[in-house]
């Protein structure tokens, strides 16, 4: 199989993953703004899709460099590893979307990449320093989302302690701003993970002499994610927007502002985080700030279990997927 055919195959899978990522994670951005009735579903999805597209252009591609240069050693892997990572992540994303479970596309992609790299080259293919950095970002971000949601909600309630019910109108309008900021940070973090994989693929296949993320690659990945976001996932919107508790404008505003700050900070320093985790925990934090019993912790527990399972399941899923991919490449001369 020629390098060009392999590259086209890699791009098709990567853009499919970005589309599913946007379709899956679009719920993160719009769930609260729809549940609080600040915007219609169609309007909210269109707004966040545009912001997702603009995110990586405005906030840089530090996350892409982390994924492409700090997880596995480029010289130790082949194209089969990248194809397997994307295939495994796509399968998991589709299955969990169908079941209405909001999981981390970041965990899915990293799990697939680690499992495939171990199959191809053993532990020596993994860069431990980068793995620790990514692990820390993925583990700390949800806790920061919970804390930020709690603090922003408490602060907002204190500032509006003497406000009339008309404050709900102001908060509804403010959600348009916070949802846009959250979508920008989401686009600057999630879309970049696939950019890192594709830039690594260009290097592995010999199309670039060093790791680089050209503007057209940013456009393709951000555009695919924006399209997925525009179409949205109603099952996941119901889980995040209605499953945890009854979301009002003050909750939506607080959760969006809190999660947007955490994801934005991670994007600037190059930390790949799970927007699903951060947003879900920020929603829980905003609800708990009002009353701990308000949050349906059992629902959050089910979501957390899916988070914990995603990376190891995708790593295990990558094992048979890698064997099939490797066999097909050898049959085709790749």
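The values are calculated or read from the model by the stated rules, or taken from the named source; none is laboratory data. If you're wondering where the values come from, they're calculated on a predicted model, not measured in any experiment. Heads up, the Cβs are rebuilt from the backbone with ideal geometry, glycines too, and the neighbour counts pull from every protein chain shown.
Odds and ends about this structure:
- Out of 91, 114, 118, 144, one residue alone is touching a helix residue (DSSP H, G or I) at 6+ places or on another chain (Cβ under 8 Å) and closer than 19 Å to residue 12 by Cα. It is 91.
- Selection from the range 248-287 of residues that are part of a helix (DSSP H, G or I), modelled with pLDDT under 85 and surrounded by fewer than 24 Cβ atoms within 10 Å (Cβ to Cβ): 249, 268, 269
- If the condition is being touching a helix residue (DSSP H, G or I) at 6+ places or on another chain (Cβ under 7 Å) and modelled with pLDDT of 85 or more, then the range 10-24 contributes 10, 11, 13, 14, 15, 16, 17, 18, 19.
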